[in-house]
Amino acid sequence: SGLIRVVTAIICFIFYTIYISAGLYGVGISVEKLFNIPYGFGVIAGVIIIVPYLYIGGYKTLAWIDLFQALFLLLVILFVPLYIIPKIGGINTLYDSLNSYGRTNALIPNFAPSTFLAIFYSLCTWGLGYFGQPHIITKFMGINDPKKLKKSMFVGVSWQIITLACASLVGLAAIIYFNGTLSDPEKAFIIIVKDTFSSYLSALILCGVIAATISTLDTQILVLASSITEDFYKRLINKNASQKHLLIISKFSVLVVALFSFIIAYLQIGTIYSLVLYAWSGLGCSFGPVLLFALYSKKATKYGAWVGIIIGGTISIFWNFIPYAPLKNIPTLVAGFTLSTIGIYLTSKMSSLKRNHAID
């Protein structure tokens, strides 16, 4: 019937608009700090930068742009901590000074059950989410030669290890640089760069922040616009629409998505971190379990997929509003991913007793 696609389009719209707004939020802050331009104009600048080349290019253009932006970000995130850390006394000073600012210098601070639970939650909160991110999955789907997927995996994971390790070093250096206090930690990198380098070099380096943001935003907007066009408009409104007509709808969808995301970003309803985590959890819970079942299980049915997507999406939307305190301590992704997986398994088992359907 294609109704699964309609549901996924709605879920994508909810969480991607929030995700995209977080990116625009980041662009707004960067422009504000760089050029002393009001935050609102910075967000508008982000929209003006992204929308035109989405119209001009498309998937292939985004793939090439993302490549160069990722390489540029990699150079920036490597260079800054390697330059800053010697300025504050080197690795040994950094290591020894953490305790004086109330931070531990141990990878595992203690062996209490609560510590291991916190580590487990931290790993799951972000790690599980990767399985359900359409803007990441589509990059693998677009590869020319499936035999090169393993190579792509190694490139992707290596890039993640290097950039996340360097980002962590920036965060550790910031603790000492700001004497353990900073009113808005999300601006740490921007402030350090502005204080340390010349105006020209600061602007060039901070382009890495904007590049990282835009390389994610453009892909997300394209994926969401495609989903609205193919899975919602074509399925419900005009099943016989021509490709030319769908292209027009897709371009209109880009504008609609950009507008909604702009409004959320302009209102600043949360931090960049909280917005990204909310959207990441929603997409991960909704699509992660069903993707894994589709790849590795021959017993999953379309009814199981239905239930899994709806459970994951619903839990992600409402989990933070649960009044029961002990449950609120469990990250959304852990709860949603687990319950979605159980829902897919049980529903598939029950429905396969009557009829055996493949996931459509």
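The values are calculated or read from the model by the stated rules, or taken from the named source; none is laboratory data. Being a predicted model, the structure only gives us computed values, none of them experimental. Neighbour counts run over all protein chains shown; Cβ positions are idealised from the backbone, glycine included. Remember, those area values only see protein heavy atoms, side chains included, never the ligands or the DNA or RNA. Shrake-Rupley method; radii C 1.70, N 1.55, O 1.52, S 1.80 Å.
Listed by chain and number, the lysines placed with their C-alpha closer than 18 angstrom to that of K299 are K349, K354; residues fewer than eight positions away on the same chain are left out. With the highest mean first, a sort of the peptides 264-274, 194-204 on other beta-carbon atoms found within 10 angstrom per residue produces 264-274, 194-204. Taking the helices alone, the chain has a mean residue ellipticity at 222 nm of -25500 deg cm²/dmol, built from -39,500 (n - 2.57) per DSSP H run of at least 4 residues and averaged over all its residues. For Cα pairs less than 8 Å apart in space and 6+ apart in sequence, what is the mean separation divided by the residue count of region 180-292, i.e. the relative contact order in percent? After rounding, I find 20 percent. Check the straight Cα-Cα distances from K244 and name the lysines below 29 Å, setting aside those fewer than 8 residues away within the same chain. List returned: K60, K139, K234. Considering all C-alpha pairs of region 178-268, those separated by over 18 Å amount to 63%. Can you tell me how much longer the chain between Y266 and M350 gets when fully stretched, taken as 0.36 nm per residue apart minus their C-alpha distance, in nm with one decimal? The Y266-M350 span can extend by a further 25.6 nm. Each Lys and Arg contributes +1 and each Asp and Glu -1, all at the Cβ; summed about the Cα centre of the chain, the dipole is approximately 1320 debye. Backbone phi angles across region 299-304, fed through the Karplus curve with coefficients 6.51, -1.76 and 1.60 (θ = phi - 60°), yield HN-Hα couplings of 9, 5, 10, 5, 5, x Hz in residue order; Gly and Pro are listed as x.
Each peptide in 136-144, 102-110 was scored by the mean count of other Cβ atoms within 10 Å over its residues; highest first, the order is 136-144, 102-110. Protein-only accessible surface at a 1.4 angstrom probe places the residues W64, W319 in the order W64, W319, largest first. The angle between the Cα long axis of helix 332-352 and the longest principal axis of the Cα atoms of the chain comes to about 20 degrees, rounded to the nearest 10. Remark: C-alpha extents of the chain on the principal axes read 68, 52, 46 Å, sorted largest to smallest. Approximating the spin labels as points 7 Å out from Cα along Cα→Cβ, the F318-to-A241 distance works out to 3.1 nm. A 1.4 Å probe, protein heavy atoms only, puts the accessible area of R235 near 90 Å². Under the criterion of Cα pairs below 8 Å and six or more residues apart, the relative contact order for the chain equals 31 percent. Out of every Cα-Cα pair that region 117-190 contains, those further apart than 20 angstrom amount to 53 percent. Treating each Cα of region 52-166 as an identical point scatterer and summing with the Debye formula, the log10 of I(q)/I(0) at q = 0.12 Å⁻¹ comes to -0.71.
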